[in-house]
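Could you have a look at this structure, given as structure tokens, before my questions?
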Amino acid sequence: MYVFNCYALSDIEFEEGIEIDTIPYATFAYCHALKNVNIPTSVTSIDDFAFFECKSLTYFDLEKNNKLENIGRAAFRLCTNLERVSIPEGVKTIDDDAFDSCYSLASVKFEGNSQLETIDSGAFYECSELKDITIPEGVKYIGDWVFSFCQNLNDIIIPASVTTIGEDAFFGCPKTDVYIYADPAELSWADLDYDDFIYDEENDPDTHCTTICHVPAEYLEGYKSKFSTGNPETDINVTFVADSDTDVTVTTNSTTTTTTTTTTAVTTTTNKNVASDRQLCDWSVRDYQKKNDTTDVSAVIKNSSDDKYEIELKDRNGEVLDTYTIDPETGSGTDSSGNDVDLPQTGMSGTHKAVAGLAVLMGITGYALVRKSRRDDQE
């Protein structure tokens, strides 16, 4: 089955009930007009280069493809207008360069109960519109160059399951804050030439060492002693901070809501707060969106103490929309008009309420997401 190079083909709909298990190598490559594809639910693999350079694809919905296990090498590479993609829970591997140079890709959604284990080299290389991504718990390997040149990546959450982040996984990502929950003793993280998170050091040297890496407080010294020793051969080009020690900004818009809110419920025996600082910001964004029917909102903790957080909500132009005054132990408080705010009630979806509740009950110290690596060749 090949329709390779069919430049005018715009729609593909497989007959209902058809049983195929693979979209073969380069099947739809260079179908520049292709906009709509209905993939049979029997498919287990989208093979290498299957949709290479399908420039008119804007959304690829795989949510119903529960049998899909593999997204092949460069399967969607140079789909330059692809804006959104959903990754089904059964996918175990996203292969090399799978979404490389998808310049418009702004939202990557991982379905619940994800079985993803591997994100191979260059998988999201130069996805320059990607602003935030939450990698699901269970991912062990993030390859070389995975997020390199994602120039607008603001936040990435890496779960406790990750054991390997490859070389230059974040090269050319000068705006990124990293949230990582892996045990540093079990983590291999390679930053070749101590230059991750730099976009253009020669012309913009101020990008050097501006990235904040948020880690659980109990792991802070472990990260510093392993990855911040003054040795450029082993150090990572970030500043490590305990998660609760730094202001957290969360940006959510109509295309990234699904990826920025699947964050962490961090609970420790010494932390009385209902959620991490990042999650309180996430909840504030959701709360404001629900009450005001808007999407482009960001949140930042402006002031904090043991019993009061001031969370400022802004629009895309940086104008202050509202300020929530919240008790971090309960997540409750008021907005700037004195109206009641209950973040755990309105800020979470049903799924996140269940996850957060389970985390509190079990005393889970980290519930988060993925890891990264590097690509073998930079093209």
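Which members of segment 328-363 meet the condition of being modelled with pLDDT under 90, closer than 16 Å to LYS291 by Cα and open to solvent by less than 40 Å² (accessible area, probe 1.4 Å)?
Hits for segment 328-363 are LEU343, PRO344, GLY347, MET348, SER349.
Of all residues in segment 212-242, which are in contact with a strand residue (DSSP E or B) (Cβ under 6 Å, 6 or more places away or on another chain), farther than 15 Å from ALA190 by Cα and in contact (Cβ under 8 Å) with a residue 40 or more places away in the chain?
HIS214, ALA217, listed by residue number.
Find all pairs meeting these conditions: Cβ atoms under 9 angstrom apart; at least six residues apart or on different chains; first residue within segment 81-109 and of a type in the set (Phe, Trp, Tyr); second residue assigned to a loop (DSSP other than H, G, I, E, B) and open to solvent by 10 Å² or more (accessible area, probe 1.4 Å).
PHE99/ARG77; PHE99/TYR125; TYR103/LEU78; TYR103/THR80; TYR103/ASN81; TYR103/GLU126; TYR103/SER128; TYR103/GLU129
THR176: β-branched (Val, Ile, Thr) and in contact (Cβ under 8 Å) with a residue 40 or more places away in the chain, yes or no?
For THR176, the condition - β-branched (Val, Ile, Thr) and in contact (Cβ under 8 Å) with a residue 40 or more places away in the chain - is not met.
Could you check, for segment 115-124, whether at least one of its residues is surrounded by fewer than 24 Cβ atoms within 10 Å (Cβ to Cβ), touching a residue at least 60 places away in the same chain (Cβ under 8 Å) and over 23 Å from LYS67 (Cα atoms)?
Within segment 115-124 (the criterion being surrounded by fewer than 24 Cβ atoms within 10 Å (Cβ to Cβ), touching a residue at least 60 places away in the same chain (Cβ under 8 Å) and over 23 Å from LYS67 (Cα atoms)), the answer is no, since none of the residues qualifies.
To keep it simple, each residue is scored yes or no on (1) within 28 Å of GLU221 (Cα to Cα); (2) open to solvent by less than 10 Å² (accessible area, probe 1.4 Å); (3) in contact with a strand residue (DSSP E or B) (Cβ under 9 Å, 6 or more places away or on another chain); (4) at pLDDT below 90.
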position	(1), (2), (3), (4)
CYS127	no, yes, yes, no
LEU130	no, yes, yes, no
GLU137	yes, no, no, no
GLN151	no, no, no, yes
ASN154	yes, no, yes, yes
VAL162	yes, yes, yes, no
PRO174	yes, no, no, yes
ALA190	yes, no, yes, yes
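Same structure, new question: Just checking, which of GLY72, GLY17 is of a type outside the set (Val, Ile, Thr), on the phi > 0 side of the Ramachandran plot and out of contact with any His (no Cβ under 8 Å at 6 or more places or on another chain)?
Numbers: GLY72 fails: on the phi > 0 side of the Ramachandran plot.
The unique qualifying residue is GLY17.
Test ALA123 against the stated conditions and say whether it is of a type in the set (Gly, Ala, Ser), modelled with pLDDT of 95 or more and within 27 Å of THR80 (Cβ to Cβ).
Taking the combined requirement at face value, the residue satisfies it.
Still on this structure: So which helices (runs of 4 or more DSSP H) stay within segment 219-327 end to end and still have 1 or more residues that are at pLDDT below 65, out of contact with any Leu (no Cβ under 7 Å at 6 or more places or on another chain) and within 28 Å of PHE170 (Cβ to Cβ)? First the steps, then the outcome.
Numbers: elements: 220-227, 257-260, 277-292.
Here the list reads 257-260, 277-292.
Something else: Search segment 20-43 for residues that are farther than 16 Å from ASN65 by Cβ and open to solvent by less than 30 Å² (accessible area, probe 1.4 Å) and pair each with any residue that is among the β-branched types (Val, Ile, Thr) and assigned to a loop (DSSP other than H, G, I, E, B) when their beta-carbon atoms are under 7 Å apart and the residues are at least 6 apart or on different chains.
Qualifying pairs under 7 Å: CYS31/VAL3.
Across segment 80-114, what is the number of residues that are of a type outside the set (Ser, Thr, Tyr), within 18 Å of HIS32 (Cα to Cα) and not in a strand (DSSP E or B)?
Counting residues in segment 80-114 that are of a type outside the set (Ser, Thr, Tyr), within 18 Å of HIS32 (Cα to Cα) and not in a strand (DSSP E or B) gives 8.
Which of the residues that make up segment 45-73 are hydroxyl-bearing (Ser, Thr, Tyr) and open to solvent by less than 50 Å² (accessible area, probe 1.4 Å)? Reasoning before the result, please.
At the first step, the residues of segment 45-73 found to be hydroxyl-bearing (Ser, Thr, Tyr) are 45, 56, 58-59.
SER45, SER56 - these are the residues of segment 45-73 that are hydroxyl-bearing (Ser, Thr, Tyr) and open to solvent by less than 50 Å² (accessible area, probe 1.4 Å).
The values are calculated or read from the model by the stated rules, or taken from the named source; none is laboratory data. None of these values were measured; they are calculated from a predicted model. Note: ideal-geometry Cβ built from the backbone for every residue, glycine included; neighbour counts use all protein chains shown. Ligands, DNA and RNA are excluded from the accessible area calculation, which covers all protein heavy atoms including side chains. Shrake-Rupley method; radii C 1.70, N 1.55, O 1.52, S 1.80 Å.
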